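Undergrad: I am attaching a structure below and will ask some questions about it afterwards.
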Amino acid sequence: MKKIVVLFLVGVLSATGNIFCDEEKTSNFAKDSFLYGSLGVLAPSYLQPVLGLGFRGQSGHNGFNTIFEGTFFSKDSYKLSLSLDYLYFNKPCLQHQFYFGLGLQASICYWTNYYKTHNYSSYDLNDYRWIKISSYANNILPELIFGKQYVSNTGGRRFFEVKILPFADLLSVYSGRYYFISRLSPSVVLRYGVAF
């Protein structure tokens, strides 16, 4: 897992030619906003795909990001989430700039379990049937974000990003009744975004 994150960060740093913006190009009044689509992977699980559609804005050092994402584990289990993030751009330069941020993610997870049980209406001991039980969970999670945003050679806006979810807490599960689970379960999302 650590190797994947290190390789991703090396890729972010080497994605564009210059690491820092010239002081003459740096502006405290750099303004930008765009709609974007993103593709990522969720780790340290089995690298499930994460698809997203979001909107990002920037004014000088400050920015915001909101994104609607779907993480797909199988045809019977998925996670839908909405994130609201504050971004801070260290050296605002629309050509290439590093940023970090904090945010909250509200999500709902849905999954289906199948259980094999004996068909008691039959006298055959080998007569089984499958029972399908669907469940869902609601999460509210803090986020840490690190990334690099840049303009490609063709003029399109792009970004690489690492989103860290340090806790999977405040988890409520419905399976006949409500109950709460408190647990520590960190995860990382590696994302690449392209502006429309």
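The values are calculated or read from the model by the stated rules, or taken from the named source; none is laboratory data. Since this is a predicted model, take the numbers as computed values, not measurements. Neighbour counts run over all protein chains shown; Cβ positions are idealised from the backbone, glycine included.
Undergrad: List, please: which pairs have Cβ atoms under 6 Å, are six or more places apart or on different chains, and start with a residue in region 135-154 that is over 26 Å from Ala195 (Cβ atoms) and end with one that is in a loop (DSSP other than H, G, I, E, B) and not basic (Lys, Arg)?
TA: Pairs found: Ser135/Ser175.
Undergrad: Considering only residues that are among the β-branched types (Val, Ile, Thr) and not in a loop (DSSP other than H, G, I, E, B), look in region 134-155 and name the one that is modelled with the highest pLDDT.
TA: So the residue we want is Ile145.
Undergrad: Take the residues in region 177-196 that are outside any strand (DSSP E or B) and not aromatic (Phe, Trp, Tyr), then tell me which one is modelled with the lowest pLDDT.
TA: First, the residues of region 177-196 that are outside any strand (DSSP E or B): 177, 184-186, 196.
Retained after the next criterion (residues that are not aromatic (Phe, Trp, Tyr)): 177, 184-186.
Working: Arg177: 41, Leu184: 55, Ser185: 69, Pro186: 78.
Residue satisfying both the conditions and the ranking: Arg177.
Undergrad: Just one of (1) part of a loop (DSSP other than H, G, I, E, B); (2) modelled with pLDDT of 85 or more; (3) in contact with a His (Cβ under 8 Å, 6 or more places away or on another chain) trips up Asn18, so point out which.
TA: Among (1) part of a loop (DSSP other than H, G, I, E, B); (2) modelled with pLDDT of 85 or more; (3) in contact with a His (Cβ under 8 Å, 6 or more places away or on another chain), the lone unmet condition for Asn18 is (2).
Undergrad: Right, another one. I'd like the full set of residues that are modelled with pLDDT under 95, under 17 Å from Phe159 (Cβ atoms) and among the polar types (S, T, N, Q), limited to region 21-58.
TA: Within region 21-58, Ser33, Gln58 meet the criteria.
Undergrad: Further, regarding this structure: Which one of these is touching a strand residue (DSSP E or B) at 6+ places or on another chain (Cβ under 7 Å), closer than 19 Å to Arg191 by Cα and surrounded by fewer than 16 Cβ atoms within 10 Å (Cβ to Cβ): Leu53, Leu42?
TA: Step by step, each of Leu53, Leu42 is checked, and only Leu53 is touching a strand residue (DSSP E or B) at 6+ places or on another chain (Cβ under 7 Å), closer than 19 Å to Arg191 by Cα and surrounded by fewer than 16 Cβ atoms within 10 Å (Cβ to Cβ).
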